[in-house]
1. Can you tell me which residue in the range 107-146 is surrounded by the fewest Cβ atoms within 10 Å (Cβ to Cβ), limited to those that are part of a strand (DSSP E or B) and not polar (S, T, N, Q)?
2. List the strands (runs of 3 or more DSSP E) that sit entirely inside the range 262-368 and contain at least 2 residues that are within 16 Å of the chain's Cα centre (by Cα) and either buried (at least 24 other Cβ atoms within 10 Å of the Cβ) or not assigned by TED's automatic domain parsing to the domain that holds Tyr227 (or both).
3. Return the only residue of Ile482, Ile448 being in contact with a Pro (Cβ under 6 Å, 6 or more places away or on another chain) and at pLDDT 95 or above.
4. Would a scan of the range 394-404 turn up a residue that is assigned to a loop (DSSP other than H, G, I, E, B), crowded, with 16+ Cβ neighbours inside 10 Å, touching a residue at least 60 places away in the same chain (Cβ under 8 Å) and within 19 Å of the chain's Cα centre (by Cα)?
5. Report whether or not Arg411 is touching a helix residue (DSSP H, G or I) at 6+ places or on another chain (Cβ under 9 Å), at pLDDT 95 or above and basic (Lys, Arg).
6. So in the range 155-205, with the set limited to residues that are outside any helix (DSSP H, G or I) and of a type in the set (Gly, Ala, Ser), which one is surrounded by the most Cβ atoms within 10 Å (Cβ to Cβ)?
7. Scan the range 320-351 for residues that are among the charged types (D, E, K, R), at positive phi and touching a helix residue (DSSP H, G or I) at 6+ places or on another chain (Cβ under 6 Å) and jot them down.
Amino acid sequence: MSKKSIAQLTYVSLLLFGIGLLTWNSLTGKPGRIDPEGRERFLLPQKEDEPLQLMGNRFLTFASVVRVNQIEVSRNEQHGVDESTVHSPREARIFREAIAKVWPEARMTWAFSWLALHDERENYRDLRDLIVSYRKKYGDEITFIPGAYFSPMYNSREQTNRDLHEGLQKVSEMVGNGYRPQAVIGGFMAAENLRYLAEEEGIHVCQGTIWSQYAVDNGDGDGSIVYPYYPSKEHFNKPAQGENDQIDCVNLDGWTVDFLNARYPGARRIDGINCGCRMGVGPIETVIRLGTEPGVRQMLATTSTHFDKGFDLNGFAWVTSIWELSLVEARQLWPGYKDRNGMEGLEIWLSEIRRRWPDAKAITHGESGMLWRTHFKNNDAINYRFIHRGSGICGSEPELEIRWFMNKDFRMATLRDWIAQTPEKVIDFTRYDLKAQEPADPEPGKPIRNWSLMNRLNQKGTRPQDVPMEIEELYLEEQAMIKSRYPVLVTEEHPKRIK
């Protein structure tokens with residue numbers, strides 16, 4: 001064969017290989033990435049025998065809480081309704097099999113309350129046995145939740161530590177074979193309790209903050225960043241500022257929410273619907289309150305913010321939710337649920353995630369947090385960015401665009417009407433370089449509700465100073481902080497500048 005023929009054959013082979021690669025990329029839905037010189041790089045599927053990595057992946061973490069009463073704020077104090085009649089193996093099978101039906105490889109986290117671990121009624125004994133079997137069948141994580149999401153609001157730090165120690169011990173006994181969870185579901189968790197988990201219990205992941213929660217249920221805690229971080233010893237919502245300040249327990253959010261709806265405290269009444277600020281991928285504010293069709297649309301819009309543009313901006317994406325087991329039949333207890341339990345919406349949402357983002361991984365909270373901990377050794381390199389346009393559902397105004405910037409030094413949000421092309425204004429600037437302090441321990445019978453970290457400017461607008469402002473109205477040192485992190489935001493004529 002002549003040199004010319006060999007060259008032609010080589011050219012054709014390379015051309016066919018390139019076409020095949022392009023075709024494979026389109027079939028698998030793997031997005032391209034752009035290198036510094038503007039060339040597209042393809043993300044090929046991760047081989048099954050390769051260790052799972054944080055970067056280049058989309059993650060869903062999903063948890064369910066098993067309890068006896070609606071809000072078990074301590075071992076001996078409960079608020080809300082008795083949910084024991086809707087906790088049995090039947091509800092757990094409906095719930096877990098709905099997930100397995102559309103996502104067989106999915107792993108999830110189960111969190112037991114103190115009373116659910118100790119209740120000796122037959123339905124709870126059988127329920128515990130069934131969920132233990134799910135660890136063997138699906139690889140699910142089983143852990144403990146203290147204080148019904150609100151332990152620091154009602155309990156001393158010492159009492160919460162005692163609850164964590166004995167609750168985790170009970171979980172290990174229940175599962176057997178030396179089992180130990182990698183994570184705890186905490187709702188809100190004080191910095192001291194996060195330190196205790198890491199240093200005394202050897203657990204380095206905790207769902208210990210609920211991003212943007214304010215004027216909802218039994219506790220408030222706005223002020224953190226929305227993706228994982230190492231918390232400060234000063235305040236659980238503050239990212240650690242250095243080695244001496246860092247708690248080695250990755251702090252996770254509880255629910256991914258719609259960034260626009262989250263701007264408001266509590267809820268707003270819109271067109272006769274109670275539009276809660278927690279609306280996102282949680283069930284109560286979506287498929288139960290709104291119904292399946294609009295509820296799922298909202299859940300997918302929230303998911304897309306992270307799995308599409310968020311993935312491009314951050315190099316990985318994460319969506320998380322907690323669905324209490326009681327919701328499978330809570331319609332028996334709450335007439336306002338209009339006989340809805342969200343199971344149909346759950347199946348549609350998960351099916352659509354698998355269709356639109358076939359590379360997404362459904363893993364436990366412990367796995368997710370430990371992947372992050374392997375990649376990030378401190379907070380220095382975290383730099384989370386998000387862009388979200390309203391879904392048009394409830395309080396997510398379709399004409400608005402919000403941008404979030406989150407790092408070790410500060411979090412900042414800007415808001416504009418992208419249709420009318422109004423100027424962007426800063427609606428949140430929370431500084432993490434300033435001293436922070438959590439409330440003291442609550443006294444018996446005197447819970448402390450608000451554990452938020454609010455300083456310069458907060459998105460909720462609950463204080464006189466929380467008025468949207470031009471970026472030039474921030475203090476000069478704050479403008480310098482922004483410029484050091486995001487110089488393009490203050491560069492004239494740059495397409496990504498504050499408009």
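1. Within the range 107-146, the first condition is being part of a strand (DSSP E or B), and the residues that meet it are 109-112, 141-144.
Keeping just the survivors that are not polar (S, T, N, Q) gives 110-112, 141-142, 144.
On the way: Trp110: 26, Ala111: 30, Phe112: 28, Glu141: 26, Ile142: 21, Phe144: 26.
Per the criteria, the residue is Ile142.
2. On the way: elements: 267-270, 273-276, 317-322, 361-363.
Here the list reads 317-322.
3. Numbers: Ile482 fails: in contact with a Pro (Cβ under 6 Å, 6 or more places away or on another chain).
Going through Ile482, Ile448 in turn, the sole match is Ile448.
4. Taking every residue of the range 394-404 in turn, at least one turns out to be assigned to a loop (DSSP other than H, G, I, E, B), crowded, with 16+ Cβ neighbours inside 10 Å, touching a residue at least 60 places away in the same chain (Cβ under 8 Å) and within 19 Å of the chain's Cα centre (by Cα).
5. On the way: touching a helix residue (DSSP H, G or I) at 6+ places or on another chain (Cβ under 9 Å): no; at pLDDT 95 or above: yes; basic (Lys, Arg): yes.
Criteria not met by Arg411.
6. Let us first name the residues in the range 155-205 that are outside any helix (DSSP H, G or I), namely 155-156, 176-190, 200-205.
After this cut, where a residue has to be of a type in the set (Gly, Ala, Ser) as well, the list is 156, 176, 178, 183, 186-187, 190, 202.
Values: Ser156: 17, Gly176: 9, Gly178: 6, Ala183: 29, Gly186: 31, Gly187: 27, Ala190: 25, Gly202: 10.
In this case the residue turns out to be Gly186.
7. Going residue by residue through the range 320-351, those that are among the charged types (D, E, K, R) are 324, 329, 331, 338-340, 344, 347.
From what is left, the residues that are at positive phi are 338-339.
Within the range 320-351, just Asp339 meets the criteria.
This table checks each residue for (1) at pLDDT 95 or above; (2) surrounded by fewer than 21 Cβ atoms within 10 Å (Cβ to Cβ); (3) closer than 19 Å to His118 by Cβ; (4) of a type outside the set (Val, Ile, Thr).
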| position | (1), (2), (3), (4) |
| --- | --- |
| Glu40 | no, yes, no, yes |
| Gln53 | yes, yes, no, yes |
| Phe59 | yes, no, no, yes |
| Phe62 | yes, no, no, yes |
| Glu83 | yes, no, yes, yes |
| Arg96 | yes, no, no, yes |
| Ile99 | yes, no, no, no |
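The values are calculated or read from the model by the stated rules, or taken from the named source; none is laboratory data. The structure displayed is predicted, hence computed values, not measured ones. Virtual Cβ from ideal backbone geometry, glycine too; neighbours counted across all protein chains shown.
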